[in-house]
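Q: Here it is, the structure, as structure tokens.
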Amino acid sequence: MVPDPAVLGLDVGGTRIRAALAHGEAVLLTADVPWPQGLAPRQELGLVADIALSLVSQSGMASSLRAAGVALAALTDREGCVIEWPNRPGWKGLAFRALMEERLQVPTVVEDDANAAALAEWTLGRGRGFRHGLVLMVGTGVGAGLILDGRLYHGHHGWAGEIGHMVVQPEGPACGCGRRGCVQSLASGRALERWARTQGLASGADVELAAAKGEAWALEALADAASWLGLGVANAVNLLDREAVIVGGGVSALGEAWWGPFERALRGHLMNAETRSLAVLRAALPETAGLFGALGLARERAGLTLLAETRAS
Ligand SMILES: [Zn+2]
């Protein structure tokens, strides 16, 4: 009898590294490690591989390991080389996938973290049952994954779904991508932090607290950020005729002061809004969505069904 294969999932983010080892449908071991300071890029990559290999050796499943999936917060090319990562500029040019495969000794799939989270939300969360969707991850930045005909759509370079860098206000605030007025520069957690600083506060969470107390400037800030996102999403829905929009990430956890303006702007900018049915839903998975997406990619690479397909049966 051929033993069930094991797969690794990794979520390599801006602040932490999450890892999970799954066997069959069961997640056997997990790790969650904040990035240490002072490592060179190659050492950082070595640490990611060490964390993964430590789970493999603890589980005793080295001989059953078939594939690894990585949700990476960086922009990569089709070969899994890092093109840029604002959080870790030194990673530019790093052959991430090849180096991981060398260490892990199994085929490794590297995916944009928003795409991986979208895939998880689509297969395990609110996206189940839909075929045409857009999954947004609104946290420090604004990421998105496009589900076309039930599958994650990558585009020519693998960069499809960058709704966060859709320009909606050409003279607007500077964005991390070097341009101005992108959705991300107006609607992300970082944009809310900028509002907070204008009021002498430290963080975007302070804006939420002030809004809960009914402070007009804070309600206006949330509504403004949410409306810019709604405009960008409406443009995407008009272009691609989506069936469902699912929103996750820290900002999506905000209450009605954010959701109300978001949905009003979204529906208000839709073509044929009165005849179009569009589900606008809050994501079901917590911040570990990227890790579950990475496990799903590894399972797919190993020739197994996605977790959702096995769970749905
Ligand atoms: Zn941008």
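Q: Could you check segment 160-171 and list, in sequence order, the residues that are farther than 14 Å from L134 by Cα and surrounded by 12 or more Cβ atoms within 10 Å (Cβ to Cβ)?
A: Once the filter is applied, which keeps residues that are farther than 14 Å from L134 by Cα and surrounded by 12 or more Cβ atoms within 10 Å (Cβ to Cβ), segment 160-171 yields H165, M166, V167, V168, Q169.
Q: Within segment 229-313, which helices (runs of 4 or more DSSP H) (wholly inside it) include 3 or more residues that are modelled with pLDDT of 90 or more and surrounded by 18 or more Cβ atoms within 10 Å (Cβ to Cβ)?
A: 256-268, 289-301
Q: Further question: Does G204 meet the test of being in contact with an Asp or Glu (Cβ under 6 Å, 6 or more places away or on another chain), modelled with pLDDT under 95 and more than 18 Å from L134 (Cβ to Cβ)?
A: Details: in contact with an Asp or Glu (Cβ under 6 Å, 6 or more places away or on another chain): yes; modelled with pLDDT under 95: yes; more than 18 Å from L134 (Cβ to Cβ): yes.
Yes: the conditions hold for G204.
Q: Residues being outside any helix (DSSP H, G or I) and near the ligand (Cβ under 8 Å from one of its atoms): count how many of those fall in segment 181-198. Before the answer, list the steps.
A: Quick first cut of segment 181-198, residues outside any helix (DSSP H, G or I) only: 181-182, 188.
After this cut, where a residue has to be near the ligand (Cβ under 8 Å from one of its atoms) as well, the list is 182.
Of the residues in segment 181-198, 1 are outside any helix (DSSP H, G or I) and near the ligand (Cβ under 8 Å from one of its atoms).
Q: If I filter segment 84-96 down to residues being modelled with pLDDT of 95 or more and in contact with a Leu (Cβ under 9 Å, 6 or more places away or on another chain), which single residue comes out as most open to solvent (accessible area, probe 1.4 Å)?
A: The qualifying residue most open to solvent (accessible area, probe 1.4 Å) is L94.
Q: Within segment 162-171, restricting attention to residues that are in contact (Cβ under 8 Å) with a residue 12 or more places away in the chain and not in a strand (DSSP E or B), which residue is nearest to the ligand (Cβ to nearest atom)?
A: Among residues in segment 162-171 that are in contact (Cβ under 8 Å) with a residue 12 or more places away in the chain and not in a strand (DSSP E or B), the one nearest to the ligand (Cβ to nearest atom) is H165.
Q: Quick check on segment 53-65. Is at least one of its residues among the β-branched types (V, I, T) and open to solvent by 20 Å² or more (accessible area, probe 1.4 Å)?
A: No, segment 53-65 contains no residue that is among the β-branched types (V, I, T) and open to solvent by 20 Å² or more (accessible area, probe 1.4 Å).
Q: Could you figure out which of (1) touching a residue at least 12 places away in the same chain (Cβ under 8 Å); (2) open to solvent by 20 Å² or more (accessible area, probe 1.4 Å); (3) near the ligand (Cβ under 10 Å from one of its atoms) isn't true of A174?
A: For A174, the exception is condition (1).
Q: Tell me whether segment 37-51 contains one or more residues that are aliphatic (A, V, I, L, M), in contact with a His (Cβ under 9 Å, 6 or more places away or on another chain) and either within 30 Å of W159 (Cβ to Cβ) or surrounded by 19 or more Cβ atoms within 10 Å (Cβ to Cβ) (or both).
A: no
Q: Which pairs do you get when a residue that is among the hydrophobic types (A, V, I, L, M, F, W, C), found in segment 267-285, comes within reach of a residue that is assigned to a loop (DSSP other than H, G, I, E, B) and open to solvent by 80 Å² or more (accessible area, probe 1.4 Å), reach meaning Cβ atoms under 9 angstrom, with the pair 6+ apart or on two chains?
A: Hits for this filter: A279/R126; L281/R126; A283/R126; A284/R126; L285/R126.
Q: Here's another thing I want to ask about it. Of everything in segment 7-28 that's at pLDDT below 95 and farther than 21 Å from N115 by Cβ, which residue is surrounded by the fewest Cβ atoms within 10 Å (Cβ to Cβ)?
A: Taking the candidates together, the pick is A26.
Q: Condition first: farther than 19 Å from A19 by Cβ and open to solvent by 50 Å² or more (accessible area, probe 1.4 Å). Now tell me which residues in segment 66-83 satisfy that.
A: D77, R78, E79, I83
Residues are listed down the side, and each one gets a yes or a no for (1) closer than 25 Å to D206 by Cα; (2) in contact with a helix residue (DSSP H, G or I) (Cβ under 8 Å, 6 or more places away or on another chain):
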position: D224; (1), (2): yes, yes
position: G230; (1), (2): yes, yes
position: V233; (1), (2): no, yes
position: V237; (1), (2): no, yes
position: D241; (1), (2): no, no
position: G250; (1), (2): yes, yes
position: E274; (1), (2): no, no
position: A283; (1), (2): yes, yes
position: A298; (1), (2): no, no
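Q: On to the next question. Could you grab me the full set of residues in segment 186-215 that are surrounded by 15 or more Cβ atoms within 10 Å (Cβ to Cβ) and β-branched (V, I, T)?
A: Once the filter is applied, which keeps residues that are surrounded by 15 or more Cβ atoms within 10 Å (Cβ to Cβ) and β-branched (V, I, T), segment 186-215 yields only V207.
The values are calculated or read from the model by the stated rules, or taken from the named source; none is laboratory data. What you see is a predicted model; the values in this text were computed from it and never measured. Cβ: placed from backbone, ideal geometry, glycine included. Neighbour counts: every protein chain shown. Just the protein is used for accessible areas: all its heavy atoms, side chains included, with ligands, DNA and RNA removed. Shrake-Rupley method; radii C 1.70, N 1.55, O 1.52, S 1.80 Å.
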